[in-house]
1. Test of the criteria: in region 358-440, which trypsin sites (Lys or Arg not before Pro) are in a DSSP loop and have at most 15 other Cβ atoms within 10 angstrom of their Cβ?
2. Please figure out what share of the DSSP beta bridges in the chain is antiparallel and state it in percent, rounded to the nearest 5.
3. Only counting other Cβ atoms within 10 Å, I'd like SER288, SER367 sorted with the fewest neighbours first.
4. Taking 0.36 nm per intervening residue step and subtracting the Cα-Cα distance, what contour gain separates MET212 from ASP427 on full extension?
5. Have a look at VAL433, TRP472, GLY422 and report the one farthest towards the positive end of the charge dipole of region 383-484, computed about the Cα centre with Cβ charges (Lys/Arg +1, Asp/Glu -1).
6. Under the 0.36 nm per residue contour assumption, what length would be gained going from the current alpha-carbon distance of ILE348 and ILE279 to full extension?
7. Please report, in debye to the nearest 20, how large the charge dipole of the chain is about its Cα centre when each Lys and Arg carries +1 at its beta carbon and each Asp and Glu carries -1 there.
8. Putting +1 on Lys and Arg Cβ atoms and -1 on Asp and Glu Cβ atoms, find which of ILE348, CYS204, VAL17 reaches farthest to the positive end of the dipole of the chain.
Amino acid sequence: MGSLGERKRIQLPHVVVFPCPGQGHMNPLMEFAKRRAYRNLHVTFIATERVRERMIQAQEGAAIHVTSALQNIRIETISDGLSPDCEETNDVDMRMDLMKKVGGLTFQRVIERLNSQGHTNKVSCIVYDSLLNWVPHIANKFNITSAFFWTQSCAVYAIYYHFYTGMVKAKDETENVRDVIEIPGLPQLCQSDTPSFLQSSNPCESLLRLVMDQFSTIFQATWILGNSFNELEMTEIQSINSLIPIVTVGPLVPSAFLDGNNPQDQDVGIHLWKTENCIDWLNTKEASTVAYVSFGSVAVLSKEQIIEIALGLKASRYSFLWVIRPDQNKEGKNNVHDFLNGFLEDTIDQGLVVSWCSQAAVLNHPSVGMFVTHCGWNSTLESLSSGLPVVTISQWSDQTTNSKYIEEVWKTGIRLNKTAYGLVGKDEIEKSVKTVMESEDGVELRKNALKWKTLAKEAMMKGGSSDKNIEWFIREVIGRTAAA
Ligand code: UDP
């Protein structure tokens, strides 16, 4: 039998990482999980049964890949209260309610089971997606620590917190909508620069409630972590830290493409759509000549908008790689290819359209010269980390704020706004792609993007700001586990 000291030493913390079941939420939390598993901690990643089912389908039944690609991370499933084969629903209230009731119950059972198994250490910490604001309550029940994980920018964190507390209001004393929003540490924002849920045109009351509710239990969490880095959002972080401190641990993108600490980490390893190989096609293109186009995992576009993008890309004459998810079109599933048929034939030598790809690998391919993006936070960080200039066509949520930062603060891209018809037109798309690819302004944007790439890399490399924060967090968890 080992001495007490030895026994204490082998009691490495067991961290459970619990994202919301969406691609944009699972990706940063999985990359965070990998960085902890890489440092030899026990890590369990929670997925819903429906997510696991989709991951397996996306890999055509090869369930083994789900785990082997993720090295030593254990995946446990919980129920989200919906049957695995039921249709996706847009009823946010119902989904979040089921997630809390059924998900919460099945999650507790997972922790009990993990705690009763001899071959893993007991769970000592839950890193949870900030949208799952009921998790600290469960952590308290098990007498373990929890970390609130913010998946958006620190600027957006500061904006929402100021609105949540009433320190900033959308309307003035005479009930007129404020055109200008002032938040310490942030540039002046027009209403249209704030996240769409805060704008007077917001049609999604339940989503506004959901984002605000994240803060309702935040003080029950032991730590607050965010997917950003100090150098990127220095004034925002400094300013919000005097109110509600956040520790930045990003950018969380596959290590091989950034810090290189884990060369095997070349893909997040969890995809909800079948990943198509575009690398062979990219290999046939010259350096920095391809525009990569993607609107992430949630946005749906109208047929008219998709056609404007198609015509703009074609007219630019640049090669393009365009991700159009099967569920990307508002008017109905699977009919995108019907109305794009002629376009696809006409551009067969110019472009490639795929349903999904390994975005990190694509962005880091030498042939890719720019990114046309909806500006989801992960895509934004991935563009900065790969040193690529961008054209932004934001849709909703925090994308509006990220676009503003891209154009005016980090100066790595051009922001395209919708016209009165609610569309970004083909001419603007053509013009902006050309500007980025061939003008003096484009050279400047690329120079700035490369500067951010260097800073992002430094933040995640040994001794960098985010690396130090990750090390600090691990020490904190180890310290609390040993003291428990
Ligand atoms: N992504 C991918 N392949 C694709 C499109 C997107 O791997 O074909 C990944 C992308 O790298 C990012 C995530 O999906 O990590 C999307 O998150 P983001 O925050 O950019 O947007 P959201 O999907 O949440 O709107």
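1. On the way: sites: LYS404, LYS411, ARG415, LYS418, LYS426, LYS431, LYS434; in loops: LYS411, LYS418.
Here the sparse-neighbourhood loop sites are LYS418.
2. 5 percent
3. Details: SER288 14, SER367 20.
Placing the least packed residue first, the sequence is SER288, SER367.
4. Taking MET212 through ASP427 to full extension adds about 73.6 nm, to one decimal.
5. TRP472
6. Length gained, ILE348 through ILE279: 23.2 nm.
7. 1780 debye
8. VAL17
Taken together, the values in this text are just the output of simple stated rules run on the coordinates, not laboratory data. Keep in mind that this is a model prediction, so the values were computed, not measured. Here Cβ is always computed from backbone atoms with ideal geometry, including for glycine, and neighbour counts include all displayed protein chains.
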